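The values are calculated or read from the model by the stated rules, or taken from the named source; none is laboratory data. Just so you know, these numbers come straight off a predicted model, no measurement behind them. No Cβ is skipped: glycine too gets one built from the backbone with ideal geometry, and neighbour counts run over all protein chains shown.
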Amino acid sequence: MLNVIADKLRMFQVRQKFGRQNEIAATDAVNREFARESFLDDLSGKTVAISAGSRGIANIAEIIKAIASNIRQRGGLPFIVPAMGSHGGGTAEGQVKVLANYGITEEYCGCEVRASMETVVVCDAAEGFPVYFDRLAFEADCVVVCGRIKPHTDFTGPIQSGLMKMMLIGLGKHDGAKVYHKAIKDHSFDTIVRSVAREVIERCHILCGVGIVENAYEETALIELIPPVEIESREEELLELATGIMPKLPFDRADLLIIDQIGKEISGAGMDTNIIGRKYYDHFPADSEFPKIKRIAIRGLTAATHGNATGIGMAEFCRTSVLDEMNAEVTRINCLTAGHVTAAMIPIDFESDREIIDQALNTVGFCDAKTAKVMWIRNTLHLSEVFCSEYYIDQARQRDDLDVVSDLKCLEFDQRHNLMEFA
């Protein structure tokens, strides 16, 4: 017999107080970095490709525009290339559309966006596979690699998601992404990313890297221009900084985590596995991993993901409408290319949030409305405000890093039995 909990479940809102790395003005930071580096002074007549990826990076259009402006001031001829592996459906048109959604357009940035899925093979890596690189970027006189440095959703080690990976998979396009994800099955990610990135730095006219670090509020905290020979060592240092200031859920155990939206601009895995505690396994945490979440329920996809539901397979439940929003072909391409095939698998779906909550909580063991541990978030990027169930209220009131900003209140559902937002 179904234990009906949803109608009795009371929740409250908490505001997290993260250790704050102050936000900086993006354009000013880019300008300072270019002024600091004398080797960039004369780019007269040189074509310069600027990489732009598919992640939801704060102020990314402003940052790309400022890079292009500084290149022009030094006599260079900048243009933008999409650097996103197989994203955007694995087509040039789709990748241009992804950039446009972030505001990265020719009109705004003041330079062309040149997109192609064509690659060149620049050499063979020491491990015996070809090293691919975007043809348009390879034919430029110089390449500026721009990207955010942060923990990866799948890989561990001193190099994870950042400039090195951008040279590997982003600028390797679909051809490179397929090969490198296969190579990672036979070698460690650390081995492959270092091997390929070193070849790219040596052979592909890399002018510099522009590394971005964000604070726990998803604001720009640091922008640093890095000479090619220093990218590998400096990225390790910036990853340590990024890891230390990234956000987290307010509590490290839950029966159910409700997520309003997943999407590729939120995380490469749709939802950040570092946040949900599923970096090693899709449906449960490793012994040393936190938080420990028993069930995850997905309510929707972001508009910017264009139906790419990568990561949906890590959830146990979703609304039926999520499957209607999902572009199965695009999702499969992405997950097959990444070698994470289970990320495209379909959870159990129900028509309404009310059904999902009741069904999910009936699979976690004995609990009722007062003892059920439930958290509800917008997505894994925005964690400053979280809705939490009654079970957590006493703990929250005793924590200096949490502000309780609403009273306990029963969940409200609309006529279709879906959650209504808290006032």
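For the reader, a short list of remarks on this structure follows.
- Being small (Gly, Ala, Ser) and free of Cβ contacts under 8 Å to residues at least 40 places away in the same chain is a property that Ala126 lacks.
- Residues that are touching a residue at least 40 places away in the same chain (Cβ under 8 Å) and closer than 16 Å to Val374 by Cβ were ranked within the stretch 406-417; the one that is surrounded by the most Cβ atoms within 10 Å (Cβ to Cβ) is Leu411.
- Residues in the stretch 377-405 that are polar (S, T, N, Q) and either within 25 Å of Glu214 (Cα to Cα) or surrounded by 15 or more Cβ atoms within 10 Å (Cβ to Cβ) (or both): Asn379, Thr380, Ser384, Ser389.
- Residues that are touching a helix residue (DSSP H, G or I) at 6+ places or on another chain (Cβ under 9 Å) and either more than 29 Å from Arg194 (Cβ to Cβ) or in a strand (DSSP E or B) (or both), drawn from the stretch 255-274: Asp255, Leu256, Leu257, Ile258, Ile259, Gln261, Ile262, Gly263
- Leading residue by the ranking (surrounded by the most Cβ atoms within 10 Å (Cβ to Cβ)) among those in the stretch 319-344 that are of a type in the set (Ser, Thr, Tyr) and over 17 Å from the mean Cα position of the chain (by Cα): Ser321
- The set of residues in the stretch 124-142 being over 16 Å from Lys178 (Cα atoms) and modelled with pLDDT of 95 or more consists of Arg135, Leu136, Ala137, Phe138, Glu139, Ala140, Asp141, Cys142.
- Taking the criterion of being more than 20 Å from the chain's Cα centre (by Cα), buried (at least 19 other Cβ atoms within 10 Å of the Cβ) and either aliphatic (A, V, I, L, M) or under 27 Å from Arg378 (Cβ atoms) (or both), the residues of the stretch 220-249 that qualify are Leu225, Ile226, Ile231.
- Residues satisfying the stated conditions in the stretch 224-245, i.e. among the charged types (D, E, K, R) and either assigned to a helix (DSSP H, G or I) or on the phi > 0 side of the Ramachandran plot (or both): Glu230, Glu232, Arg234, Glu235, Glu236, Glu237, Glu240
- Under the condition of being in a helix (DSSP H, G or I), over 29 Å from Glu218 (Cβ atoms) and touching a residue at least 12 places away in the same chain (Cβ under 8 Å), the residues counted in the stretch 360-397 number 1.
- Looking at Val210, Val200, just one residue is assigned to a helix (DSSP H, G or I), modelled with pLDDT of 90 or more and not assigned by TED's automatic domain parsing to the domain that holds His340, and that residue is Val200.
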